[in-house]
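The values are calculated or read from the model by the stated rules, or taken from the named source; none is laboratory data. Here the structure is a predicted model, which means the values were calculated and not measured. Heads up, the Cβs are rebuilt from the backbone with ideal geometry, glycines too, and the neighbour counts pull from every protein chain shown. When the accessible area is computed, the model is the full protein with side chains, heavy atoms only, and any ligands, DNA or RNA have been set aside. Shrake-Rupley method; radii C 1.70, N 1.55, O 1.52, S 1.80 Å.
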Amino acid sequence: MLSTVTLGVNIIVEIDHIKEKHEGRLQSVQILPDQLRILFSHIAQNTVASIVILVVYFWMFNDNFTSNIQYYWLATILILLMARMVFYFRSLKGSLASKPKKWLYLYAVLMFFMGSTWGYTIFIPIVVSDETLISVSVISLLMGLAGISSISSAAHPIVIWSFLIPLAFCASMFLIDQSPEEFGMLMGVGAIAFCSATGFVGHTIHKMIVSALFLEVRNTSLMDEVVQIAKQNQKSYEGFQVLLDNLGAGAAMFDKHHKIISWNKSFENIFNIPTGLIRRGMSLKNIIRKIIKQSWQNNIDVNHAADSHIKEILSDTSESEMVKLVLADGRNLYSKVMKINDDQIVLNYTDVTSLEQARADDIIHVLQHDSLTGLPNHILHKKEVRRRIIDYRHSASSDADDHFMALIHFGLNSLNEIYEFLGLSAGDQVVTEVANRCKKFLDEDVYLAHVAYDEFRIITCHEKDIDEVIMLAEKLIDVISAPIEIASNSITMTTSVGISTYPKHADKTDILNRNAKIAFNKAKLPKEDNIVVYDHGMHSKIMQRSNMLFDINDSIKKSEFLLHYQPQIDVKSRQIIGVEALLRWQHPDKGWISPDDFIPLAEHTKQIIPLTEQFLPEACYQAKRWQDQGLPSIIMSVNISPFHFHEKGFTKFVRDCFEDAKLDPECLDLEITEGVIMSQTEEIINILHELSEMGVKLSIDDFGTGYSSLAYLRRLPVDKLKIDQTFIKDMVGDESALSLVEAVIRLGHSFNLNVIAEGVETEEQLQKLLEMKCDQAQGYLIKRPEKADDISRWINDNFK
């Protein structure tokens with residue numbers, strides 16, 4: 001008896017020694033084959049999802065394809081998907097353990113090409129009416145693919161980034177190239193930041209997977225030692241029982257007939273099995289039946305469930321894989337079979353519920369919180385607004401005045417400039433510092449969320465009315481405006497604030513958030529206060545703007561826009577020298593719509609581009625028709641939007657216009673704004689020189705209203721300066737305006753440029769321009785803009 005106890009004590013000491021050795025070599029355990037197994041297990045589902053996306057894509061846009069690029073792209077995607085299925089079938093054959101690094105690197109290369117091919121989708125040309133919507137849809141698709149890929153590829157970080165890097169590169173390059181100049185860089189950086197965030201989620205899940213695999217290896221290592229000791233001490237049942245009882249996992253030994261020989265206390269505890277329910281000599285099937293019946297209380301087919309579980313744990317691959325068993329109380333167990341010899345096996349169960357729950361909690365936290373500030377993001381913010389509104393509706397109080405909640409949407413102005421001058425890290429520091437200041441300033445029960453990179457939202461219920469909310473916003477602005485020291489630079493941030501309240505402005509979550517954002521957008525406008533409270537008129541204006549945008553798009557398709565022409569004369573001889581083509585819109589239902597209403601909107605939404613593509617050819621044809629009618633040689637002036645200079649093939653488009661009309665290019669004058677000139681990028685300079693070399697004349701429109709510079713007048717091929725009508729209007733009674741007009745005329749002449757004044761309405765204005773030796777003029781005094789036929793008659797009556 002004494003020898004048996006001594007043997008048991010020695011076994012316990014030996015177990016502790018085994019654990020110490022195991023911890024020392026845990027980091028060197030090779031888990032790569034298991035990582036590949038997890039990685040390749042998602043291939044089949046992802047392939048099916050990819051095929052569904054391809055079918056939807058081609059079903060929606062098949063009629064809009066402009067070339068065979070889409071089909072080449074489809075063939076490439078299908079080849080890559082088939083190649084990836086090869087990896088899946090190889091994993092089913094269990095051949096990953098042989099040269100796992102080779103399989104990993106091959107799969108990473110495949111995912112790189114797949115990410116590049118998916119990313120190229122955004123550059124595929126599709127002819128549709130709303131290119132912005134298509135771009136947003138495809139970018140959203142790519143960002144969704146980035147999120148799905150980072151999670152499904154979380155088993156190894158090399159695969160995560162092999163797919164994300166080319167995808168992020170393509171998305172950011174497209175956004176930088178296609179988006180408006182002031183937002184392109186920010187949107188491109190946003191695409192990279194989103195892909196980086198999804199990569200961070202993938203890395204977080206990767207760490208959890210590795211931890212779980214190490215746990216599996218640890219149990220396997222311990223069970224290997226158990227097997228070795230059991231082989232050496234098979235004759236000492238008492239000593240082996242001591243060993244089993246010291247294992248953390250639930251373990252049981254069975255003979256060659258699958259009859260139980262021994263088990264530890266943890267085996268009973270893990271399944272809540274009463275003592276005495278399991279007896280030596282019971283069959284494996286009978287024990288599994290009791291376990292399932294004990295857990296599920298006859299809510300399932302016990303025999304079928306027991307047979308399925310036994311088939312899994314006794315399969316040929318079970319010794320290298322763990323089998324999952326989910327209990328009725330939600331706990332997750334992993335089971336594994338270890339063969340001692342041909343006569344005995346050990347079955348052990350490990351409860352990994354807490355590990356998987358922690359993993360799920362970490363993933364949920366990452367998805368619902370901002371990684372930079374740690375604050376709740378827009379997802380969690382919406383849930384909180386919804387929860388508070390529901391609480392108000394279920395409140396016992398019937399007095400609606402007791403239910404007041406304010407939503408404050410505020411953002412940092414000029415953060416993009418900090419990016420440009422100090423770098424992205426400086427912008428991150430500013431956002432983090434603002435978040436920390438807000439957390440310290442606000443009460444604990446005031447809910448603060450970070451909903452966009454430079455935008456935050458606050459939910460507060462302390463205030464009694466809107467005046468108190470405004471006071472809170474003013475104090476918040478003061479807190480944020482305190483200087484921030486970054487890299488020896490003192491930065492002062494300004495803030496724009498939009499406010500909406502419940503229930504006055506809205507009683508639904510999305511509408512309340514929308515109204516606060518509408519007020520915030522208005523607060524950002526140059527001439528508005530930095531704190532704006534929402535009112536229902538704001539939404540009406542937005543709806544009117546949206547309706548006009550739809551009308552513009554519809555009228556472009558129906559060619560409902562017209563050209564009117566305003567004559568331009570030589571001031572000295574008063575002979576006609578040209579006309580300016582002016583866009584007009586007669587809506588079939590709303591009548592004439594002022595250019596001041598629709599042109600800025602068309603500029604902002606880039607609808608001005610298809611408009612120009614309609615009226616520039618028509619203007620060239622009209623100039624040629626007048627020449628063919630024997631009228632005096634007339635130069636056709638046409639305004640060109642700055643956006644058009646960034647369109648590929650713009651110079652070719654201009655050449656096609658005058659060549660198709662058989663118009664001498666010297667009879668075409670393109671008017672461009674100072675904004676285009678002042679950008680002075682090499683691309684713009686080259687385009688202007690190319691136009692000038694064609695023979696097309698170039699004029700600077702509204703000269704004096706922008707940031708004028710003498711340098712570009714010398715460097716660029718400009719032919720004419722056009723004085724803005726606001727200066728002409730005031731020059732008779734305002735000496736400063738008169739001096740400015742005279743200065744512009746002298747400046748233009750000093751550079752050998754013609755000068756034309758627009759907006760001439762009185763004979764006195766025209767006489768002043770003659771005295772100052774202004775070259776040309778146009779305005780209501782000379783002729784109002786009219787249709788081509790009316791201008792033809794006017795020219796015949798006055799200049800022939």
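Out of 782, 795, 791, one residue alone is in a loop (DSSP other than H, G, I, E, B) and open to solvent by less than 40 Å² (accessible area, probe 1.4 Å). It is 782. Once segment 682-705 is narrowed to residues that are modelled with pLDDT of 65 or more and part of a loop (DSSP other than H, G, I, E, B), the residue that is nearest to residue 578 (Cα to Cα) is 696. Looking at (1) at pLDDT 85 or above; (2) out of contact with any helix residue (DSSP H, G or I) (no Cβ under 6 Å at 6 or more places or on another chain), which is the one condition that is false for residue 638? Single failed check for residue 638: (2). Restricting attention to segment 475-510, report how many residues are open to solvent by less than 80 Å² (accessible area, probe 1.4 Å), part of a helix (DSSP H, G or I) and within 18 Å of residue 438 (Cβ to Cβ). The qualifying residues number 5. When we screen 314, 327, 347, 355 for residues that are open to solvent by less than 60 Å² (accessible area, probe 1.4 Å) and either farther than 19 Å from residue 250 by Cα or at pLDDT 75 or above (or both), the only hit is 347. Residues that are not in a helix (DSSP H, G or I) and not β-branched (Val, Ile, Thr) within segment 405-428 comprise 405, 406, 407, 409, 410, 411, 412, 413, 414, 423, listed in sequence order. Only residues that are open to solvent by 70 Å² or more (accessible area, probe 1.4 Å) and touching a residue at least 12 places away in the same chain (Cβ under 8 Å): list them for segment 725-743, please. Residues satisfying the conditions are 725, 726, 729. For segment 591-613, the candidate set comprises residues that are open to solvent by less than 20 Å² (accessible area, probe 1.4 Å) and of a type in the set (A, V, I, L, M); within that set, the residue that is farthest from residue 671 (Cα to Cα) is 601. Among the conditions (1) in a helix (DSSP H, G or I); (2) open to solvent by less than 40 Å² (accessible area, probe 1.4 Å); (3) at pLDDT below 90, the only one that residue 717 does not satisfy is (1). Selection within segment 597-641: residues that are polar (S, T, N, Q) and more than 19 Å from residue 722 (Cβ to Cβ). The member of this set that is farthest from the chain's Cα centre (by Cα) is 629. Among residues that are modelled with pLDDT under 85, polar (S, T, N, Q) and buried (at least 16 other Cβ atoms within 10 Å of the Cβ), residue 708 is included.
Screening 341, 303 for residues that are modelled with pLDDT of 75 or more and on the phi < 0 side of the Ramachandran plot leaves exactly one candidate, 303. The residue that is modelled with the highest pLDDT, counting only those in segment 524-537 that are under 14 Å from residue 501 (Cβ atoms) and surrounded by fewer than 21 Cβ atoms within 10 Å (Cβ to Cβ), is 535.
Looking at segment 415-431, can you tell me whether even one residue there is of a type in the set (Phe, Trp, Tyr), farther than 19 Å from residue 506 by Cβ, open to solvent by 50 Å² or more (accessible area, probe 1.4 Å) and in contact with a helix residue (DSSP H, G or I) (Cβ under 6 Å, 6 or more places away or on another chain)? There is no residue in segment 415-431 that is of a type in the set (Phe, Trp, Tyr), farther than 19 Å from residue 506 by Cβ, open to solvent by 50 Å² or more (accessible area, probe 1.4 Å) and in contact with a helix residue (DSSP H, G or I) (Cβ under 6 Å, 6 or more places away or on another chain). Residues that are closer than 12 Å to residue 34 by Cα and surrounded by 14 or more Cβ atoms within 10 Å (Cβ to Cβ) were ranked within segment 85-99; the one that is modelled with the highest pLDDT is 91. Summed over segment 634-661, residues that are assigned to a loop (DSSP other than H, G, I, E, B) and without any contact (Cβ under 8 Å) to a residue 40 or more places away in the chain total 5. Beta carbons closer than 8 Å, at least 6 apart along the sequence or on distinct chains, pair a first residue in segment 374-393 that is touching a residue at least 24 places away in the same chain (Cβ under 8 Å) and within 13 Å of residue 458 (Cβ to Cβ) with a second that is part of a helix (DSSP H, G or I) and open to solvent by 70 Å² or more (accessible area, probe 1.4 Å) for 375/439. Within segment 74-92, residues that are free of Cβ contacts under 8 Å to residues at least 24 places away in the same chain sit with their Cβ atoms under 9 Å from residues that are open to solvent by less than 30 Å² (accessible area, probe 1.4 Å) and among the hydroxyl-bearing types (Ser, Thr, Tyr), at 6+ positions apart or across chains, in these pairs: 74/57; 82/47. When 521, 513 are screened for being closer than 23 Å to residue 480 by Cα, assigned to a helix (DSSP H, G or I) and open to solvent by less than 50 Å² (accessible area, probe 1.4 Å), only 513 passes. Can residue 309 be described as open to solvent by 80 Å² or more (accessible area, probe 1.4 Å) and at pLDDT 65 or above? Against the criterion (open to solvent by 80 Å² or more (accessible area, probe 1.4 Å) and at pLDDT 65 or above), residue 309 does not qualify. Scanning segment 752-771 for residues that are open to solvent by 30 Å² or more (accessible area, probe 1.4 Å) and out of contact with any strand residue (DSSP E or B) (no Cβ under 7 Å at 6 or more places or on another chain) returns 752, 761, 762, 763, 764, 767, 768, 770, 771. I want to confirm something. Restricting to segment 570-617 and keeping residues that are basic (Lys, Arg) and not in a strand (DSSP E or B), which single residue is farthest from residue 758 (Cα to Cα)? Only one residue tops the list, namely 590.
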